[in-house]
Amino acid sequence: MVTLVHHIYLLSMQRYNLGNPFVLRNSAIRTRQDAAVGAGECAKPRPRIHSSFHLPKRAHFMTTQLRALVNARLIDGTGGPARERSTVIIGGERIVEVTDDRPLPVSVEVVDLGGATLMPGLIDCHTHHAAWAQSLVTHPEPLGLLVSQTVAALKVTVEAGITTARDLGGLERGFVDAVDRGVIPGPRLQTSLIIVSPTNSLMDHHPVSGGAINSRGRYEIWPGLPEPWCDGPVAARAKVREVIRMGADVIKIAMTGSMTFAARRPHRPLFTEEELAAIVDEAHLEGIPVCAHAHGDPGAILAVRAGVDTIEHGTYLTEECAREMADRGTWYVPTMCISNWHSTLSQASVRDHTADMPARHRESIARAVRLGVRIAAGTDTNPFHGFGRTGMELELLVEAGLTEAEAITVATDHSSQCLGMSADVGTVAAGKFADLLIVDGDPHRDIHLLQDASRRTAVLKGGQFMSGSLLSIADAPSRRTTAVTA
């Protein structure tokens, strides 16, 4: 059934001139391609998009007129203090100028923020938006319903102020292209497509009964995506090539077991050193980063020494591993949200070994901060515990010892660096995308308000208003509008 549905999907993409959904990469890669074209290389014509696939847009979304957001408390994402009465001028998708409040030409459309806080859109480096989560085996629902739920999840994410996200397992390339082309709302996306795993590990699902078995005798995991399994360095290298060919922006590997499966322990290495070396070498040859699902040693430190770019989770990060990460510049994406969620599960098989997770995780974060490990924000958000929770992750980072300003910098500037996107997102600066979050209040004093939808005045992505009370106010015909009173 999945194969048939996927075939129909590909035919529909061709019918509406949307091209191959697996070909395009993220905006950073397309920017490099555009630069090559400007240098004189041949360019392929971009396919036209059928009008029925466009999102309905308000007229102000498409205007090229300059818009000035004035009277803002500016948190620019660099970690510095907030600047009162600041002005951010937007032209099209990007920020034109950041300045102190000053008189503006009559031709500039002005929106008065009334002292509300303006900051970069948040970045979540670890998400799972696909409604089928880790496997189709456990989902009896129709695939069309699951696809619709995935579209809804992407919308929830961007409307929560998360304007950039990295999806680390399950999200097919077509969703990324659909967001990029304006077919559906969502954050800027990177995707790993799958979680590369050896046999009898994190992604090797074997239900007691039921489930669709494919032609190779495996249970169907994700629709339209390559199988995640590989064994031995030759097969591991081939798997990386396959995943990159299918459009992955990052390679994710399962380096240790999971907290929710007692038989797959969260410390034991799943890949051998030879397999790890092949994976990292092949990915880096293609300029693709590698992130490792790893809760603790010895699995985590083996991944670090093999040269992975990020450690995801790091629940039981040892002093030795943290020091190695600091020395090598390995990023740490803690995902405190998922630790807290795991610790609340009622199943005895899970509860017995997850009750102390939040406390141990806080210790790991404090250790990483003390040793100078680079930290980025990630939630591991998924269909089981909800989407749009980066604000909650920042609350938990503050509980772990970071200041409010440090936590915000982790979810903006630092996360943009982790994703290799700092030239375009992560701070409020001239030349970057106008990906902005406007909130009523001061998150430097109260980090909790970032998760409070009622305090979310506006979310902008590429200069477009995606959500918030300011959305309707910005449509007003008058040139000068007061948005909020903070």
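The values are calculated or read from the model by the stated rules, or taken from the named source; none is laboratory data. On a predicted model such as this, the values are computed, not experimentally measured, just so you know. Quick reminder, even Gly has a Cβ in these numbers, built from the backbone with ideal geometry, and neighbours come from all protein chains shown.
Considering segment 212-227, and only residues there that are more than 19 Å from Phe175 (Cα to Cα) and either in a strand (DSSP E or B) or not hydroxyl-bearing (Ser, Thr, Tyr) (or both), the residue that is modelled with the highest pLDDT turns out to be Glu220.
Summed over segment 347-386, the residues that are hydrophobic (A, V, I, L, M, F, W, C), outside any helix (DSSP H, G or I) and at pLDDT 95 or above give a count of 4. So Gly388 ticks every box in (1) under 19 Å from Leu154 (Cα atoms); (2) surrounded by fewer than 17 Cβ atoms within 10 Å (Cβ to Cβ); (3) of a type in the set (Gly, Ala, Ser) but one. Which box is left unticked? Unmet for Gly388, out of (1) under 19 Å from Leu154 (Cα atoms); (2) surrounded by fewer than 17 Cβ atoms within 10 Å (Cβ to Cβ); (3) of a type in the set (Gly, Ala, Ser): (2). On inspection, Ala458 fails the criterion of being at pLDDT 95 or above and either hydroxyl-bearing (Ser, Thr, Tyr) or surrounded by fewer than 20 Cβ atoms within 10 Å (Cβ to Cβ) (or both). If the condition is being surrounded by fewer than 24 Cβ atoms within 10 Å (Cβ to Cβ) and either part of a loop (DSSP other than H, G, I, E, B) or not aromatic (Phe, Trp, Tyr) (or both), then segment 305-318 contributes Arg305, Ala306, Gly307, Asp309, Thr318.
When Ser107 is tested against (1) polar (S, T, N, Q); (2) surrounded by fewer than 17 Cβ atoms within 10 Å (Cβ to Cβ); (3) within 26 Å of the chain's Cα centre (by Cα); (4) over 30 Å from Ile288 (Cα atoms), only condition (3) is not met. Quick check on segment 247-261. Is at least one of its residues at pLDDT below 95, in a loop (DSSP other than H, G, I, E, B), out of contact with any helix residue (DSSP H, G or I) (no Cβ under 8 Å at 6 or more places or on another chain) and surrounded by fewer than 21 Cβ atoms within 10 Å (Cβ to Cβ)? Yes, segment 247-261 has at least one match. Scanning segment 411-427 for residues that are among the aliphatic types (A, V, I, L, M) and either surrounded by fewer than 24 Cβ atoms within 10 Å (Cβ to Cβ) or free of Cβ contacts under 8 Å to residues at least 24 places away in the same chain (or both) turns up Met421, Ala423.
Count, please, the residues in segment 429-455 that happen to be surrounded by fewer than 22 Cβ atoms within 10 Å (Cβ to Cβ) and either among the β-branched types (Val, Ile, Thr) or touching a Phe, Trp or Tyr at 6+ places or on another chain (Cβ under 6 Å) (or both). Total meeting the criteria: 0.
Restricting the first member to segment 283-310 and to residues that are in contact (Cβ under 8 Å) with a residue 24 or more places away in the chain and over 18 Å from Ser197 (Cβ atoms), and the second to residues that are assigned to a helix (DSSP H, G or I) and not hydrophobic (A, V, I, L, M, F, W, C), the beta-carbon pairs closer than 6 Å and six or more apart or on different chains are Val304/Glu324. Of all residues in segment 263-281, those being surrounded by fewer than 21 Cβ atoms within 10 Å (Cβ to Cβ) and not in a loop (DSSP other than H, G, I, E, B) number 4. In segment 129-150 there is no residue that is modelled with pLDDT of 95 or more, not in a loop (DSSP other than H, G, I, E, B) and not polar (S, T, N, Q). Picking from residues in segment 156-174 that are of a type in the set (A, V, I, L, M, F, W, C) and not in a loop (DSSP other than H, G, I, E, B), the one that is nearest to Gly420 (Cα to Cα) is Ala165.
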